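The structure under discussion appears below in the form of structure tokens.
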Amino acid sequence: AKRQGRDSLVVFDGTMQERAARRSCIEHRLRRAVDERAFDLHYQPQICPDTGRLVGTEALIRWFDPELGHVPPDEFIELAEDTGMILPIGEWLAERACRDMAQWRREGLHVPCVAINITTQELLDERLPEALAAALARHDLPATALELEITESALMERRDSSVSLLNRLRKLGIGIAIDDFGTGYSSLSQIKHLPVTKLKIDRSFIQDVVSNRDDQAIVAAIIAMAHQLGLRVVAEGVETDEQLRFLSRQGCDVVQGYIYGQATAPASFLRRMRPGTPS
Ligand code: C2E
Ligand code: CA
Ligand code: CA
Ligand code: CA
């Protein structure tokens, strides 16, 4: 119960009727946005805490609608899943992420890997591995340049049907990270059988890790356990030096969060991250 609500976001406060009206308005505008590919991808750096090097980036979708303004992903991704719109959105997204990565490389910034968020719906789509392989090939990128973030709950929900798909993705060389790890009640023995390469510790465990002993124990245990299983560990939502120092001491492999910057458009990501350019 302690964790309840920490990560939940009240995106719209109103009567049920108002909420239903907003939902149907978002759905209507979202269809239009999908047709017009009216989205953007922003990128947040992932840094190795020991060397300070850029090891990857997470792509986060952004949608600005002329009528609705900025609609946060937490408010439309689920709706996109329910309506099937997530498939064209996901296809657009993989293509755009590969295009941006190739562009950065041409401009002198080598980003080893881009992580994209994948939903349950997409995990059930048999064509996913080929679609991703094609996007990578179009931009001359190796499969290792792409990583999929799948939430722990999505993975557990469809464990049996997604395992063969995950295996195909791994065979191609695409990385698989379990997102929001620690929130989905999966057990070690379940993770062991999944072809995953990384665990991403949920922000709710990082938030108070400096002062909260329980969180310290949980984070330390997750890191130790993941390493035993040969997995790398990313901590998300890292905001302060104290959090960073704790994670580094515990041997956390990768760190992501406002401490290294919020997600930004590809051009400003390039300016910020390219070696030799003052930030
Ligand atoms: P997530 O995958 O856990 O993404 C991390 C969220 O935390 C992002 O919010 C990011 O901007 C935010 N964040 C990053 N660092 C910090 C920090 O240091 N402190 C705090 N307080 N927040 C931080 P965003 O972009 O609003 O995304 C929210 C969620 O929406 C994501 O959670 C993900 O589940 C979903 N999402 C975002 N982009 C996509 C996408 O392209 N495809 C899919 N399927 N889902 C997406
Ligand atoms: Ca994520
Ligand atoms: Ca996450
Ligand atoms: Ca999270």
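No lab work stands behind these numbers, since they all come straight from the coordinates. Since we're looking at a predicted model, the values are computed, not measured. All Cβ positions, glycine included, derive from the backbone under ideal geometry; neighbour counts span all protein chains shown.
Brief remarks on what is shown
- Computed from the C-beta positions of Arg106 and Ala134 and an R0 of 30 Å, the FRET efficiency is 0.90 to the nearest 0.05.
- Extreme residue, positive dipole direction of the chain, given options Ala134, Gly230, Gly257 (C-beta unit charges): Gly230
- Listed from fewest to most Cβ neighbours within 10 Å, the set Tyr185, Tyr43, Tyr260 follows the order Tyr185, Tyr260, Tyr43.
- Dipole size of the range 167-279 about its Cα centre, with +1 on Lys/Arg Cβ and -1 on Asp/Glu Cβ: approximately 700 debye, rounded to the nearest 20.
- Exposure proxy shown here: for Glu36, Glu81, Glu242, the number of other Cβ atoms within 10 Å sets the order, fewest to most, as Glu36, Glu242, Glu81.
- Assigned charges on the beta-carbon of Lys, Arg, Asp, Glu; the range 90-143 dipole about Cα centre (debye): 260
- Using Cβ point charges alone (K and R +1, D and E -1), the dipole size of the chain about the Cα centre works out to roughly 780 debye.
- Paramagnetic reach from Ala217 in the range 194-210 [backbone N under 17 Å; point 7 Å along Cα→Cβ]: 205-206, 208-210
- Compared with the alpha-carbon gap, the fully stretched path from Glu157 to Glu67 is longer by 28.9 nm at 0.36 nm per residue.
- Considering only Asn167, Ile150, Thr120, and ranking their Cα positions along the charge dipole of the range 101-226 that arises from unit charges at the beta-carbon of Lys, Arg, Asp and Glu, the one farthest toward the positive end is Asn167.
- Estimated D of the chain in µm² per second, where Rh is the Kirkwood radius over Cα pairs and Stokes-Einstein applies at 10 °C, 1.306 mPa s: 81
- Residue of Thr151, Thr51, Thr240 that the Gaussian network model of the chain assigns the largest fluctuation, springs spanning Cα pairs under 10 Å: Thr51
- Stokes-Einstein D in µm²/s, Kirkwood radius over Cα pairs - the range 131-204 at 25 °C with 0.890 mPa s viscosity: 191
- Here the sum of -39500 (n - 2.57) over DSSP H runs of 4 or more residues, divided by the residues of the chain, equals -14000 deg cm²/dmol at 222 nm, to the nearest 500.
- This ranking places Arg127, Arg272 by how few other beta-carbon atoms lie within 10 Å of each, fewest first, which gives Arg127, Arg272.
- Among beta bridges that DSSP assigns inside the chain, antiparallel share in %, nearest 5: 40
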